[in-house]
Each structure stands twice: as structure tokens, then as C-alpha cells.
Amino acid sequence: MGVPVGWYVGVGAALFAIGLAGLLVRRNVVVMLMAVELMINAVNLNFVAFANLHGHYDGLVIALFVIGVEAAELGVALAVILAYHRHRERLDADRITLLKG
């Protein structure tokens, strides 16, 4: 007898809500990136929980692909953030107007 899937969905929803609040409230780009990562991990938790519930490996495979894409995205995003910080010496999301047309 395992943990009911509703608990996993509840924890996933709580993690997603914390990530969404962190994304909307904070203005530091690095903290916003961590909030997005938290939201993605909440979705991965739900993928794995429902794959476990139904006895299929589809959700596990999707979660692994998402983790791989997430790692690549994190590397590129951190490189862009680091380059921007070296150029402007600030990480406030409200003041980023480098790509403004």
C-alpha cells in the first residue's frame, strides 16, 4: 500500500504555486529562473505520480526528457544572465531593456 496519488498532486500543486508566486513577486532574474525550475519539477512530480498510478512508463520517460531539456535550458539561461550581468552589472528584471525594439 503506497501513498495515494492525491497527495502527490497536492504537493505538486503547492510546489507549482510557490514557483508561480516566486516568478510573479521577485524581480531578480536568478530567483525567477529558480522559480521556473521549481514549477517544472512540480509538473515532473505529477508525471511520475500518474505514471506510477497507471503502471506505465510514459510519464517517467516524459519526465526524463523534461529534465534533460531543463538542464540544457538552465545552462543557456545562466550563460545569458551572466553575460548580461557582466555588461550591465545588475540583474533586476524591470530594468532589462537590452532587447527592447
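The values are calculated or read from the model by the stated rules, or taken from the named source; none is laboratory data. A quick note: this is a predicted structure, and the numbers were derived from the prediction, not measured. Cβ atoms come from the backbone with ideal geometry, glycine included; neighbour counts cover every protein chain shown. Quick note on the areas: whole protein, heavy atoms, side chains included, nothing else; ligands and nucleic acids left out. Shrake-Rupley method; radii C 1.70, N 1.55, O 1.52, S 1.80 Å.
The angle separating the long axis of helix 5-25 from the principal Cα axis of greatest extent in the chain is about 10 degrees. Relative to the longest principal axis of the C-alpha atoms of the chain, give the angle of the C-alpha long axis of helix 29-54, reported between 0 and 90° and rounded to the nearest 10°. In the chain, helix 29-54 runs at an angle near 10 degrees to the longest axis.
State to the nearest 20 debye the size of the charge dipole of the chain about its Cα centre, where the only charges are +1 on K and R beta carbons and -1 on D and E beta carbons. Mind showing how you got there, number by number?
Values: 7 positive and 7 negative charges, 94 e Å.
That gives the chain a dipole magnitude of about 460 debye.
Extension gain for residue 80-residue 25 works out to 17.6 nm (0.36 nm per residue, less the C-alpha to C-alpha distance). Taking only protein heavy atoms and a 1.4 Å probe, the accessible area of the stretch 1-99 is 71% carbon and sulfur.
How high is the relative contact order of the chain? Use alpha-carbon pairs under 8 Å, at least six apart in sequence, and give a whole percent. Working shown, then result.
Numbers: 76 pairs, mean separation 27.2, N = 101.
Computed over the chain, the figure is 27 percent.
Can you give the accessible area per residue of the chain, in Å², using a 1.4 Å probe? It would help to have the intermediate numbers written out before the result.
Numbers: 7230 Å² over 101 residues.
That works out to 72 Å² for each residue.
Placing a pseudo-label 7 Å from each Cα along the Cα-to-Cβ vector at residue 43 and residue 66 gives an inter-label distance of 0.6 nm. Applied to the stretch 61-77, the Karplus parametrisation 6.51 cos²θ - 1.76 cosθ + 1.60 on θ = phi - 60° returns per-residue 3J(HN,Hα) values of 5, 4, 4, 5, 5, 5, 5, x, 5, 4, 5, 5, 5, 5, x, 5, 5 Hz, with x for Gly and Pro. Taking the three principal axes of the alpha carbon atoms in the chain, the coordinate ranges are 55, 25, 22 Å, sorted in descending order.
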